[in-house]
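Read the figures in this text as sums done on the coordinates, not as results from a lab. It should be emphasised that the depicted structure is a prediction, and the values quoted were computed from it without experimental measurement. Cβ: placed from backbone, ideal geometry, glycine included. Neighbour counts: every protein chain shown.
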Amino acid sequence: MKPIPPHGELRLVDDVPSAFAELVSAEAALAQGAGNEGDGRFRMALSGGDTARACYERLATSAAIDWSCVDLFLGDERCVPPDDPAANQRLVRESLLSEIEGARFTPMAADDPDGYAAILATQPPLDLVHLGLGPDGHTASLFPDSKALGAPPGALVVRNDDPSGRNPHPRLTMTFEAIAAARLAVFTVAGAGKHAALGAILAGEHLPAARVRAGRVLWLCDRLALEG
Ligand code: 6PG
């Protein structure tokens, strides 16, 4: 029986970065297409992590996208200097922005969650939020048993920490509410290291990633993540 995540669709793919790049190309074309009720721009929030880095490197080299119509944001950030090796904005600059031209990128300022929330609040709904899955079931910087899981209604970006200490640095993260406002949330899950977390979610465990809602939720998973 095909496993079905709590909410959304699971798509088993041979190569997660390639599948992600193809999906983003298709979604960007829809957003930029004529007749679209939108403004012709494609708005995407990006993730951190090694899987995301591989996805953006592939996106930069394989996707046929008019980047001049693309607005890029971050779903979460580590509260470190912009050029710190741990900074997600550095990951985005290295893996994607250094290879493309024309996209507008709005990084998160580590000391200003309210400022970023205000930026998001002035945008139309994001077309796509890209999310990873941590081995502990976190996504963005929404960690198990962390305060951000209970962010107050209306909060779009909050500070957060991992109470377990497994994930370093103070963080800023989009809340479930902010993610839920997006048209599409896409998880990219690759490798045997994610098998336990993905399996727990498919079995109904209420991990943070399982709580993500959006217009559509799509899980791009490879066989190692799904079958171990
Ligand atoms: C972060 C990410 C985080 C990441 C997962 C998966 O800032 O660290 O937003 O949610 O996506 O931890 O990371 P890997 O792909 O490296 O396993």
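Would you pull out the residues with amide H under 5 Å of A45's amide H, same chain only if 5 or more places away, H placed 1.01 Å from N?
It is F73, L128, V129, H130, by chain and number.
In whole Hz and in residue order, list the ³J(HN,Hα) couplings for segment 171-177 that follow from phi through the Karplus curve 6.51 cos²θ - 1.76 cosθ + 1.60, θ = phi - 60°; x for Gly and Pro.
10, 10, 8, 4, 8, 4, 5
Expressed as a whole number of Å, what is the distance separating the alpha-carbon centroids of segment 157-223 and segment 87-133?
Value for the Cα centre distance between the two parts: 17 Å.
Could you go through segment 190-201 in sequence order and give the Karplus-derived ³J(HN,Hα) for each residue, using 6.51 cos²θ - 1.76 cosθ + 1.60 with θ = phi - 60°, rounded to whole Hz, and x for Gly and Pro?
9, x, 5, x, 9, 4, 5, 5, 5, x, 5, 5
Along the charge dipole of the chain, pointing to its positive end and built from +1/-1 on Cβ of Lys, Arg, Asp and Glu, which listed residue (P81, F187, G199) has its Cα farthest out?
Going by the charge dipole, the pick is G199.
Can you list the HN-Hα couplings for segment 155-165, worked out from phi with the Karplus curve (6.51, -1.76, 1.60; θ = phi - 60°), rounded to whole Hz and with x for Gly and Pro?
6, 10, 9, 9, 6, 7, 9, 8, x, 7, x
Quick one: which residues, 5+ away or cross-chain, put their amide H under 5 Å from the amide H of R213? H built at 1.01 Å from N.
Amide H to amide H, under 5 Å and 5 or more residues apart or across chains, R213 pairs with A180.
Using a 10 Å cut-off on Cβ atoms, rank the peptides 165-177, 113-125 from the highest mean neighbour count down. Could the numbers behind the result be given before it?
Numbers: 165-177: 19.2, 113-125: 15.0.
Answer by packing, highest mean first, reads 165-177, 113-125.
Could you work out [θ]222 nm for the chain from helices alone, using -39500 (n - 2.57) per DSSP H run of at least four and dividing by all its residues? Round to the nearest 500 deg cm²/dmol.
Working: 7 runs with 62 residues, N = 228.
-7500 deg cm²/dmol, from helical runs alone.
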